Each structure stands twice: as structure tokens, then as C-alpha cells.
Amino acid sequence: MTTQPSRIVTSSRDSVGECPVWSVKEQALYWVDIEGRLLHRLNWATQTQQTWRTPERVGCIALTDSPGEPQVLIAAMETGVFLVKLRDATDVDATLIAAVKHPLPNMRFNDGRCDAEGRFWVSTMCMDMSLAAPVGAVYCLDEYGLSEPHITGLVTPNGMGFSPDGRSYYLSDSHPTVQKIWVFDRDASTGVLSRQRLFVDMLPLPGRPDGAAVAVAGCYWICANDAGLVHQFSPQGALLTSVSVPVSKPAMCAFGGPNLDILFVTSILPAGVQPEQAGLNGAVFALEVGARGQPEPVFSRFPLC
């Protein structure tokens, strides 16, 4: 395990801080607070933070190629995927572009990420994790709308990422009963996934596999929730290093900064801890880990309607 200097880059504390996304165009970091129903943006040059309220819990977001102002994002919430316009006020303009039919009530979208071809890959989960219900699935949003599930039988899907050449797709299940990371072959032209196989079994390792990022060199970085670590794995699944963060529940990581060499890590307020006693919990941290990331792909394949 290594200890790297980390600094807090946010002025707030989140209940469930997730889905950091770096915008190269804006030189800004976006992320969400799922349970707080909030969407944040940090302007890197001015170090100023702006926050918007969302109508539902947002599991994940993606940048878009929509021109002009205000900024337009894609947000996967509880009932579907929304087009979100960020106004100067504190609320967003959200338009549903793809509804989802959950197999059970009390479900929402969770982790998600765009591929290099402009598709938005998103996953669902049951919000009551105590049920350990394997009803989660992975969908893909493109010009044809929201697909049928590509992957089913998941409890708490997380850890999505793509290899630099686009040929591999990563996915984890962070539920305590699973704690696995898989890798799939991927056809970039069609988006078809095949040959699922175990990448890492996290059960013998500290922490549960949560959100992840892939470096330009191909290594897979994933937050080890409950262990206060971020693990780095080689493309072959070998554990290379574990970097400590000053909270127990890091949630998701993403590369960003002007040179894409800063690893941003969101975090979660542990159960039973009151917001006024949060301390560092719920903050977003910036770490220098000696690796560079890939520019975050943008969503460009809007459903035809």
C-alpha cells in the first residue's frame, strides 16, 4: 500500500458522492450526490463550485456533444435517462429521452459510462441492498433508444470502464455477496459484448469493488469501498498497488486535470454519521498517482424520435 498526498477540492460533503466526469472542453469536474439528488460542477481554473438540484436520484452522468449554452448532460436517474440542461439557477431542466422498465419497484440507475463511439452504457440496481436482489442489468443507449439488457443478474453493478483500444469492457458487482470484477470482449462497431470472464476476485482483497477508471496505459483503477483504498490492476488483472485515501468509503474515481494526471475520488458518508459530523467523508479528493487518463468520451448518439 502507498500513501499519496491528497487534497480536498470540494466545498461540500455528499451523502453518496459518485460519477466524477472530467470535461476537457470546460476544464471542469462534474459529479453527483445520489441520495442528495444533487449535481455538482467544479471550475478548475477558478476553483469555484456550482450545484444543481435534480428531480430524481442520479446514478450517473455523461457529457454530450450538444453545442452552445447552457451545458447539456445525459443523466441516468430512477425512471429513465434524461437530457439535462444546466441553468444559472439551482435547478436543472430535465427531459426524459429513454424510460426504463424495472423488474421490481424501488430501483434506479447506478454506474454508467460512454464508450468512444458515443454510446451510453448504464446499469440498474435495487435501492434496498439488504435484499441482495440480483435484478440489476446493463443497458446501452444509442440512436435506437435504450436497449434490452446486455447483462442481467447483477446486484450492485459498478466499475464500468473501457480499455484504451476499446476492445475490452470492465464491470464489477460491489455487493458484499459478490465482489467480483469481470472483463468482456467488445466489438466497437456494434457494441456487442462477448466472452465474459473473471478479471479480479475482490473477496480476498480489502474493500468492495466500486467505481473505476482506466488509465491511458491500460491499467484499471477501482475504488475499494469500506477499505479507504484505490486499487490499481494491470490489464492482466494483477494487483500493482493500493493507494490510500483519508476516508473509509471511496466511491468512484476518474482521471482529470489539465494534463489528465489527477485522480479524482468521490466518497460516501458512512451509515450512522450525521452530515454535521462528516469531517472528510463525502468530499472529493485529488490524488497524484503517477498515471494519466483518457479524455472522457461524450454521448453523441441521441435517440431518433
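Nothing in this text is a laboratory measurement; each read-out follows from the coordinates by a stated rule. Everything numeric in this text was worked out from a predicted model, so none of it was measured. Glycine also receives a Cβ, built like all others from the backbone with ideal geometry; neighbour counts cover every protein chain displayed.
General observations
- Of residues in the range 35-70 being under 20 Å from ILE97 (Cα atoms) and among the polar types (S, T, N, Q), the one farthest from the chain's Cα centre (by Cα): SER66
- Identity of the residue in the range 98-146, surrounded by fewer than 23 Cβ atoms within 10 Å (Cβ to Cβ) and of a type in the set (Ser, Thr, Tyr), that ends up nearest to VAL21 (Cα to Cα): TYR139
- Top-ranked residue in the range 188-208 [being touching a Lys or Arg at 6+ places or on another chain (Cβ under 7 Å) and under 30 Å from ALA227 (Cβ atoms); ranked as surrounded by the most Cβ atoms within 10 Å (Cβ to Cβ)]: MET202
- Residue list for the range 127-182, filter: of a type in the set (Ser, Thr, Tyr) and in contact (Cβ under 8 Å) with a residue 12 or more places away in the chain: TYR139, TYR144, THR152, THR156, SER163, SER168, TYR169, TYR170, SER172, SER174, THR177
- In the set VAL92, VAL81, only one residue is outside any loop (DSSP other than H, G, I, E, B) and either under 30 Å from PRO164 (Cβ atoms) or acidic (Asp, Glu) (or both); that residue is VAL81.
- Among all positions in the range 256-268, there is no residue which is more than 20 Å from the chain's Cα centre (by Cα), β-branched (Val, Ile, Thr) and under 24 Å from VAL21 (Cα atoms).
- Within the range 209-220, one or more residues are outside any strand (DSSP E or B) and of a type in the set (Val, Ile, Thr).
- Selected residue [buried (at least 20 other Cβ atoms within 10 Å of the Cβ) and touching a Phe, Trp or Tyr at 6+ places or on another chain (Cβ under 9 Å)] from ILE222, ILE268: ILE222
- For the range 26-53, the set of residues classified as outside any strand (DSSP E or B) and touching a residue at least 24 places away in the same chain (Cβ under 8 Å) consists of GLU26, GLN27, ILE34, TRP44, GLN47, listed by residue number.
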